[in-house]
Structures are given as C-alpha cells and as structure tokens.
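The values are calculated or read from the model by the stated rules, or taken from the named source; none is laboratory data. Treat the numbers as computed from the prediction; the structure is a model and nothing was measured. Positions of Cβ are backbone-derived with ideal geometry, glycine not excepted, and every protein chain shown enters the neighbour counts.
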Amino acid sequence: MQRWLLVEKLKTEEVIRQRLERYHSPAVVQQLIAVGALPNGRLPPQESEISILFADIVGFTALSERITPTEIAELLNNLFEEMLQEIFDCGGTLDKYIGDCIMAFFGAPELQSDHADRAVAAAKGMLTRLENLNINNFWQEPLQLRI
C-alpha cells in the first residue's frame, strides 16, 4: 500500500512539475514544489523589487494579415518556445503572453539581487537566438523583436 501511495505521489508531482516548467525555470519549479506543503499550496505574498521584460515581434500586425491563423499559431508557438529558453536560462519567470508579446520578470519568486542584469542578459540572449534563427530561415522572412 505504501509503495502504491509513493508511486501516486510521484506521478502527481511529475504532472505538477511539467505544468510549472511551462512558466518557470527549473530552480523556481524546485522551490515551488518544496513549499507545496503550505496551506492551500500558495506562496505567501511578498514585496520586492523586480525587473520586467516585454518582448514583441516588430510588424506583427502586418505579418498576421498576410498569413493564415494556423501559420500565426505555429510562428508564435515556435518563437515563444525559443525565447522562453533564454528567459529561463537567466532565471526569469514567464508572466504571460499578450498576443505576440512575452512578459517575464526577474527577481521573484526566487530573490535575485542581480535581477536587472539577468533581464538584460535574457534580452541580449533573445536577440542573439533570433539572429541565429533568422540565419537558419526559421520563418518565411527575417523577424525582429522589440524588447
């Protein structure tokens, strides 16, 4: 019985981990799972200074008028996946997607005294990654980000 309970707990933890990893870096996911025993599973509110990064595609409205909805979804899904890696590599947290915009923050829930430097490093990494994607014909035409 105990073995079955342990297996079920591990399955549940893996599902939670997979969901959290879509929005948080692995270090933050580990922290969130570690505090999962808190009442109602929520982190307590905490005020701190953070840095916020916004990145969107230059000329997206015009681009979206020339391609199909399926192509738009494919472009955004693939591009967001690539850009999110840079955010996570710098310890950032995805806040949300707003159309063609990514909003991420640095300095919470994991305190980072260098949150501003991390946000800038993520921005630079995103631009470098996009440059490499453009060189490899990632999309039908070169893309640009405004960060």
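Looking at residue 147, is it β-branched (Val, Ile, Thr), touching a helix residue (DSSP H, G or I) at 6+ places or on another chain (Cβ under 9 Å), surrounded by 15 or more Cβ atoms within 10 Å (Cβ to Cβ) and within 30 Å of residue 12 (Cβ to Cβ)?
So residue 147 fails the test.
When only residues in the stretch 30-55 that are at pLDDT 70 or above and surrounded by 12 or more Cβ atoms within 10 Å (Cβ to Cβ) count, which is farthest from residue 97 (Cα to Cα)?
30
Only one residue in 82, 71 is surrounded by 11 or more Cβ atoms within 10 Å (Cβ to Cβ), at pLDDT 90 or above, of a type in the set (Asp, Glu) and within 13 Å of the chain's Cα centre (by Cα), so which one is that?
82
Name the residue that is surrounded by the fewest Cβ atoms within 10 Å (Cβ to Cβ), counting only residues in the stretch 110-132 that are more than 18 Å from the chain's Cα centre (by Cα) and part of a helix (DSSP H, G or I).
Once the filter is applied, the top-ranked residue is 132.
Can you tell me how many residues within the stretch 57-106 are among the acidic types (Asp, Glu) and either under 19 Å from residue 136 (Cα atoms) or in contact with a His (Cβ under 7 Å, 6 or more places away or on another chain) (or both)?
5
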